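Worksheet: the structure to be examined is printed underneath.
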Amino acid sequence: MAEVNVALIGYAFMGRAHSNAYRQVGPFLNPRLKPRLKVLCGRDGRAVKSAAAILGWEETATDWREVVNRPDIDIVDVATPGDSHAEIAIAAAQAGKVVLCEKPLANTVKEAKAMLAAVRKAGVLNMVCHNYRRIPAVQLAKALIARGDLGKIYHYRGTYLQDWILDPKLPLLWRFQKDKAGSGALGDIAAHSIDLARFLVGEISEVAGALETFIKSRPLVGDPSRKGKVTVDDAALSVVRFANGAIGTIEGSRVSAGRKNYNRFEINGSKGSIAFDLERMNELELFSTADDGAVQGFRKILVTEGAYHAYIKGWWPPGHIIGYEHTFTHTVYDLLEAMAGRKKTVKPDFEDGLRNQLVLDAIERAARSRRWTKVG
Ligand SMILES: NC(=O)c1ccc[n+]([C@@H]2O[C@H](COP(=O)([O-])OP(=O)(O)OC[C@H]3O[C@@H](n4cnc5c(N)ncnc54)[C@H](O)[C@@H]3O)[C@@H](O)[C@H]2O)c1
């Protein structure tokens, strides 16, 4: 059975999610290439060894440069904060590796362009981890729109709300520092709403925007008696125009009390509407004007079976729901299948990452200028 060796850089939140995906994908989805969890890389030797033992990696390393240049590595998976994505992904591409990179692709448009140029020059398969595209209910939404069931699309309304930063005593983690994270709620979570907007509706051409930082300073990590400045947004709002004439809103906030991982969208078209909420991710709501007027209304479809559930073969009987971690398993499955089929692209790729970054950048510029701004 053909195997490919994976090197994963970063072993915390996304490192755990990706490790689980590589472990599950073989037994459940049976890709033609099986991933071997070869090297886990982090900066702290002892911590990375302990993580590797728990997560099931064969070897550990503390310098990603060594790892990306190892001849036995086939896939480099970048699950570190945004400030290291460009450097690692570019070096991996130059070494001829397949690259899977966490979102947002980079911290700046300039970095994202350099990353796209590097993977193109090297001719290596590349993918950005906008995992929510691969939720069966989202895939059904895509199929219904493509089939014309919603008619002409008028609105996309994307909200991604969390509340984990509400406590002002939460320390100044990397996610609150622009040089490390690129932006706050904007790049962290609104980037997912932007990707879903692009996936389901089309390219965003123009934006207005507002960013706000409510909690302006936070205790320093390791020294809570001192405070440091928060240099990213707590919340990001945007009104957007799509190239195809639709209009919409995108909202990301990490201070929305009570909202934990409220990644929701609603799409309204001339013939109907759909609505999705990640916290009820096995369901899609559909309203169709084609239904008999007497019984028209939103209906809830449990998306665990049927032709649009591309990954159903590996999981459970109808109604036996799947969860957050499956989105990553589906992502690595498609990457492995693309490798096996010697495909040149697997979506979303670094070009999607750059297009997403251009929207993030336009929202930041629009927020600064308080004007409608073209996506670059
Ligand atoms: N797809 C998603 O839904 C999703 C969800 C959360 C985070 N993310 C993205 O994943 C990335 C990582 O986020 P996270 O939540 O896992 O962060 P985290 O803080 O939980 O983990 C970051 C990891 O990177 C390691 N690291 C940092 N700098 C490094 C370096 N120079 N070399 C090697 N290792 C390094 C850290 O030790 C840690 O293991 C970010 O880009 C984030 O935006 C994506």
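The values are calculated or read from the model by the stated rules, or taken from the named source; none is laboratory data. Everything numeric in this text was worked out from a predicted model, so none of it was measured. With ideal geometry, Cβ positions are generated from the backbone for all residues, glycine too; neighbour counts draw on all protein chains shown. For the accessible areas, the whole protein counts, side chains as well, though only heavy atoms, and no ligand, DNA or RNA atoms are used. Shrake-Rupley method; radii C 1.70, N 1.55, O 1.52, S 1.80 Å.
Scan the stretch 187-201 and give yes if some residue there is touching a Leu at 6+ places or on another chain (Cβ under 7 Å) and outside any helix (DSSP H, G or I), otherwise no. Scanning the stretch 187-201 turns up no residue that is touching a Leu at 6+ places or on another chain (Cβ under 7 Å) and outside any helix (DSSP H, G or I). Scanning the stretch 322-348 for residues that are surrounded by 15 or more Cβ atoms within 10 Å (Cβ to Cβ), in a loop (DSSP other than H, G, I, E, B) and in contact with a Leu (Cβ under 8 Å, 6 or more places away or on another chain) gives a single hit, Val346. Look at Val67 and say whether it is surrounded by 24 or more Cβ atoms within 10 Å (Cβ to Cβ) and over 17 Å from the mean Cα position of the chain (by Cα). Considered against the rule, which asks whether it is surrounded by 24 or more Cβ atoms within 10 Å (Cβ to Cβ) and over 17 Å from the mean Cα position of the chain (by Cα), Val67 comes out as yes. Is it fair to say Ile88 is near the ligand (Cβ under 9 Å from one of its atoms) and farther than 30 Å from Ile267 by Cβ? Against the criterion (near the ligand (Cβ under 9 Å from one of its atoms) and farther than 30 Å from Ile267 by Cβ), Ile88 qualifies. Of all the numbered requirements in (1) in contact with a Ser or Thr (Cβ under 9 Å, 6 or more places away or on another chain); (2) small (Gly, Ala, Ser); (3) closer than 15 Å to Arg355 by Cα, Ala86 misses one, and that requirement is (3).
Suppose we keep only residues that are assigned to a strand (DSSP E or B) and in contact with an Asp or Glu (Cβ under 7 Å, 6 or more places away or on another chain) within the stretch 210-235. Which one would you say is least open to solvent (accessible area, probe 1.4 Å)? Across the stretch 210-235, the extreme among qualifying residues is Ala235. Out of the residues in the stretch 104-116 meeting the condition of being in contact (Cβ under 8 Å) with a residue 40 or more places away in the chain and surrounded by fewer than 21 Cβ atoms within 10 Å (Cβ to Cβ), tell me which one is farthest from the ligand (Cβ to nearest atom). Among those residues, the one meeting the criterion is Lys113. Only one of Ser19, Ser50 is within 12 Å of the ligand (Cβ to nearest atom) and without any contact (Cβ under 8 Å) to a residue 24 or more places away in the chain. Can you tell me which? So the residue among Ser19, Ser50 that is within 12 Å of the ligand (Cβ to nearest atom) and without any contact (Cβ under 8 Å) to a residue 24 or more places away in the chain is Ser50. Among the conditions (1) within 16 Å of the ligand (Cβ to nearest atom); (2) touching a Gly at 6+ places or on another chain (Cβ under 8 Å), Leu173 misses just one, which is (2).
Look at Cys101 and say whether it is under 20 Å from Leu335 (Cα atoms) and either in contact with a helix residue (DSSP H, G or I) (Cβ under 9 Å, 6 or more places away or on another chain) or modelled with pLDDT under 95 (or both). It is true that Cys101 is under 20 Å from Leu335 (Cα atoms) and either in contact with a helix residue (DSSP H, G or I) (Cβ under 9 Å, 6 or more places away or on another chain) or modelled with pLDDT under 95 (or both). When you check Pro171 against the structure, is it more than 26 Å from Leu335 (Cβ to Cβ) and more than 20 Å from the chain's Cα centre (by Cα), yes or no? Yes, satisfied.
Only one entry in Val6, Val48 is in a strand (DSSP E or B), open to solvent by less than 30 Å² (accessible area, probe 1.4 Å) and at pLDDT 95 or above, namely Val6. When we screen Val124, Val128, Val119, Val201 for residues that are away from the ligand (no atom under 13 Å from the Cβ), in contact (Cβ under 8 Å) with a residue 24 or more places away in the chain and closer than 25 Å to Phe13 by Cβ, the only hit is Val119. Do we find a residue being open to solvent by less than 10 Å² (accessible area, probe 1.4 Å), touching a strand residue (DSSP E or B) at 6+ places or on another chain (Cβ under 8 Å) and among the hydrophobic types (A, V, I, L, M, F, W, C) anywhere in the stretch 285-300? No; the residues of the stretch 285-300 include none that is open to solvent by less than 10 Å² (accessible area, probe 1.4 Å), touching a strand residue (DSSP E or B) at 6+ places or on another chain (Cβ under 8 Å) and among the hydrophobic types (A, V, I, L, M, F, W, C). Kindly establish whether Ser183 is among the hydroxyl-bearing types (Ser, Thr, Tyr), outside any loop (DSSP other than H, G, I, E, B) and open to solvent by less than 20 Å² (accessible area, probe 1.4 Å). Judged against the criteria, Ser183 is not a match.
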